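See structure below.
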Amino acid sequence: MPPLGESGSLQAIVKDYIESNNVMVFSKSTCPFCKKVKNLFDSFQIKYLAVELDQMENGADIQATLKEMTGQRTVPNVFINKTHIGGCDDTLQLHKDGKLHEAVAANAEKPEETYDYDLIVIGGGSGGLAASKAAAAFNKKVAVFDFVKPTPSGTTWGLGGTCVNVGCIPKKLMHQAALLGEAVNDSMKYGWAVEETYKHNWNILRDAVQDHIGSLNFAYRVQLREKKITYVNAYAKFVGPHTIEAVNKKGKVTTHTSAQFLLAPGLRPNYLNCPGAKEYCITSDDLFALQHCPGKTLLVGASYISLECAGFLKAFGLDVTVMVRSILLRGFDRQMADLIGSYMESHGIRFIQESQVKKVEQLESGEPGRLLVTYGNNAGEESSEEFNTVVLAIGRQAMTDDLNLGAVGVKTNSKNGKIICDEKEGSSVPYIHAVGDVVDGKPELTPVAIQAGILLARRLFSDGSILCDYENVPTTVFTPLEYGCIGLSEEKATELYGIDDLEVYHTNYVPLEFAVAQRRANECYVKLICIKSLNEKVVGFHYAGPNAGEVTQGYAVAMRLGATKHDFDNTIGIHPTCSEVFTTLQTTKSSGMNVAAAGC
Ligand code: FAD
Ligand code: NDP
């Protein structure tokens with residue numbers, strides 16, 4: 001294929017579209033005739049690629065090039081099997097003449113195109129790496145393009161994506177540091193003589209965390225090399241069907257072709273749209289590598305990231321405030337979310353409710369500096385307060401605009417930029433797939449990205465047929481009181497089954513390890529949400545207590561197998577553990593009986 005970006009490249013791009021797609025429609029998203037043609041193909045399940053010229057940067061130029069090549073300026077401009085068919089009327093006529101299917105089928109004879117790779121993966125994070133390794137195991141020629149654009153504060157990192165560098169791994173290590181601090185405190189009750197003045201050193205922790213991440217980055221590179229996967233540290237975008245252009249750190253541009261593509265570019269944190277946000281605030285992308293202890297910290301946002309970070313920073317002895325726009329942990333069970341919030345509050349984390357930041361000003365630079373945050377509440381009152389660090393944890397967005405998906409016709413959700421996929425992780429273009437956080441409407445979790453990536457590779461390159469099951473995905477929020485859950489919240493179960501069909505079994509309990517340490521009783525709590533008409537099938541599992549991830553994981557298998565309350569009751573517990581509480585649950589919420597913990 002001729003190099004793109006040079007003169008004559010538009011003709012090359014148009015030719016590439018026509019040659020790479022059995023049925024090619026140059027279309028405009030608002031044109032009713034284009035819709036008619038696409039509906040015709042859809043009605044016969046004829047696969048086609050439609051590029052919407054009105055949504056492409058160079059759409060007008062492509063239209064002019066089509067005029068030069070075919071004499072036709074209008075859309076739709078349809079090609080079947082590399083032959084110019086014409087517009088809407090011509091295509092409908094072909095169908096009326098009974099020749100449409102013949103024209104489409106003629107292409108079955110076409111020899112296979114040759115490409116540089118069998119699979120190009122854009123994004124070397126959880127999903128992309130898992131899929132690339134699985135594809136390479138079937139002797140496929142695979143390349144992974146991964147590049148991290150620095151944050152506004154300049155932080156950047158290596159291969160492995162969000163989870164490894166700025167997500168699960170550093171977060172869990174910092175959470176572990178927090179738990180150890182609590183354990184030091186508890187240990188005195190167990191007879192350990194500990195200096196009363198013990199305190200946390202941020203720099204030691206940060207270095208330990210970053211060293212571990214460095215070793216993981218290295219291990220990933222080695223794995224790719226061992227599996228003969230080409231790793232390109234460059235930012236990629238589509239420049240034509242089957243063709244991407246990649247720009248590396250030095251600005252060097254290369255082009256590459258592939259038969260199949262996997263998009264796994266993940267998400268990046270949102271910034272507030274207020275003065276000072278990009279200049280002075282940081283996000284979780286910066287926090288874990290921060291060169292100094294953050295000091296008095298404001299976390300904006302009230303979901304997983306904000307609450308988890310608030311939890312460990314407080315445990316390090318810092319003054320921590322969380323600013324909540326509406327509610328904590330949207331989408332989770334309300335009772336459990338409130339429990340997590342009140343535990344955090346009772347352990348010294350301050351919550352500013354129903355408020356939003358209006359501006360952030362720098363009072364003094366330094367490590368940490370001093371920032372003045374002005375915010376307003378729902379009643380219209382304005383306040384200001386000084387903090388050393390402001391962490392924005394207000395959601396994350398897909399950077400799909402950078403991929404130039406319009407050039408290949410991949411459809412995204414216009415509200416969030418995420419890629420719209422079918423149940424096979426297929427995008428609107430037959431040879432382009434997506435996994436991980438970038439897929440619209442799916443959980444943003446590492447194991448989900450990995451599972452989807454591996455299963456996709458097996459289906460594409462071997463005889464795999466198993467689809468990724470996005471139901472009953474277990475998750476844990478690593479807050480000071482950890483919270484694990486599977487399945488439905490009480491609110492969702494009520495909506496789906498009706499309140500009269502629910503039976504909720506619940507109890508408070510005191511973990512043995514809390515009892516001796518004389519931690520407050522009645523903070524740990526579990527509940528099972530069961531459906532009466534389904535033989536008390538368990539549709540919601542909720543656990544607040546120590547080691548929530550470890551406890552919840554095993555029960556996820558039971559939930560997949562459709563466990564009922566009876567199955568939980570007939571399972572013998574392991575004593576003394578927290579997890580065993582689920583095998584002895586007797587009190588229903590509807591009974592109104594007191595479930596305050598009596599002891600272990
Ligand atoms: P990512 O891992 O984000 O990888 C995408 C990669 O693609 C990145 O390296 C990106 O720079 C690169 N890229 C993007 N565009 C391009 C391009 N055009 N060209 C080249 N490269 C590109 N999940 C859990 O399951 N458990 C947890 O405890 C947990 N904790 C988290 C804590 C935090 C603070 C955060 C932010 C997330 C956490 N997550 C957790 C979520 C988890 O990290 C993500 O679900 C997971 O990383 C998604 O993987 P992915 O493959 O979709 O994308
Ligand atoms: P979420 O999208 O889950 O939550 C965003 C939070 O920010 C909400 O509380 C939201 O409030 C608030 N918010 C949004 N916009 C604004 C604004 N303009 N001003 C103030 N507050 C605002 O994002 P997270 O970043 O916390 O997490 C992203 C994903 O990463 C999670 O969904 C999860 O899948 C994954 N993750 C998983 C973890 C785990 O497994 N332990 C840990 C961390 C992340 P509102 O409710 O009002 O919209």
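The values are calculated or read from the model by the stated rules, or taken from the named source; none is laboratory data. Here the structure is a predicted model, which means the values were calculated and not measured. Methodologically, a virtual Cβ is constructed for each residue, glycine included, from the backbone with ideal geometry; neighbour enumeration extends over all protein chains shown.
Structure notes:
- The one condition from (1) of a type in the set (S, T, N, Q); (2) surrounded by 15 or more Cβ atoms within 10 Å (Cβ to Cβ); (3) touching a helix residue (DSSP H, G or I) at 6+ places or on another chain (Cβ under 9 Å) that Q362 does not meet is (2).
- Residue selected from the stretch 156-174 under the condition surrounded by fewer than 20 Cβ atoms within 10 Å (Cβ to Cβ) and under 25 Å from G317 (Cα atoms), by the criterion farthest from ligand 2 (Cβ to nearest atom): L173
- Looking only at the stretch 269-301, residues that are surrounded by fewer than 19 Cβ atoms within 10 Å (Cβ to Cβ) and under 19 Å from the mean Cα position of the chain (by Cα) come to 2 in all.
- Taken over the stretch 408-447, the criterion of being over 23 Å from F461 (Cβ atoms), away from ligand 1 (no atom under 12 Å from the Cβ) and either surrounded by fewer than 23 Cβ atoms within 10 Å (Cβ to Cβ) or in the same structural domain as R330 (by TED's automatic domain parsing) (or both) is satisfied by K411, T412, N413, S414, K415, N416, I420, D440, G441.
- The residues on offer are K189, K140, and the sole one that is charged (D, E, K, R) and either without any contact (Cβ under 8 Å) to a residue 40 or more places away in the chain or more than 15 Å from I229 (Cβ to Cβ) (or both) is K189.
- V391 meets the conditions (1) part of a strand (DSSP E or B); (2) surrounded by fewer than 22 Cβ atoms within 10 Å (Cβ to Cβ); (3) under 21 Å from the mean Cα position of the chain (by Cα) in every case but one. The failed one is (2).
- Subset of the stretch 134-155 (residues that are more than 9 Å from ligand 1 (Cβ to nearest atom), crowded, with 19+ Cβ neighbours inside 10 Å and among the charged types (D, E, K, R)): K140
- Strands (runs of 3 or more DSSP E) completely within the stretch 439-525 that count 1 or more residues being within 21 Å of the chain's Cα centre (by Cα) and modelled with pLDDT of 95 or more: 475-477, 483-487
- When V373, V357, V391, V439 are checked against the criterion of being in contact with a helix residue (DSSP H, G or I) (Cβ under 7 Å, 6 or more places away or on another chain) and within 16 Å of ligand 2 (Cβ to nearest atom), a single residue qualifies: V391.
- Selected residue (criterion: farthest from ligand 2 (Cβ to nearest atom)) from residues of the stretch 321-342 that are over 20 Å from N508 (Cβ atoms) and exposed (fewer than 15 other Cβ atoms within 10 Å of the Cβ): G331
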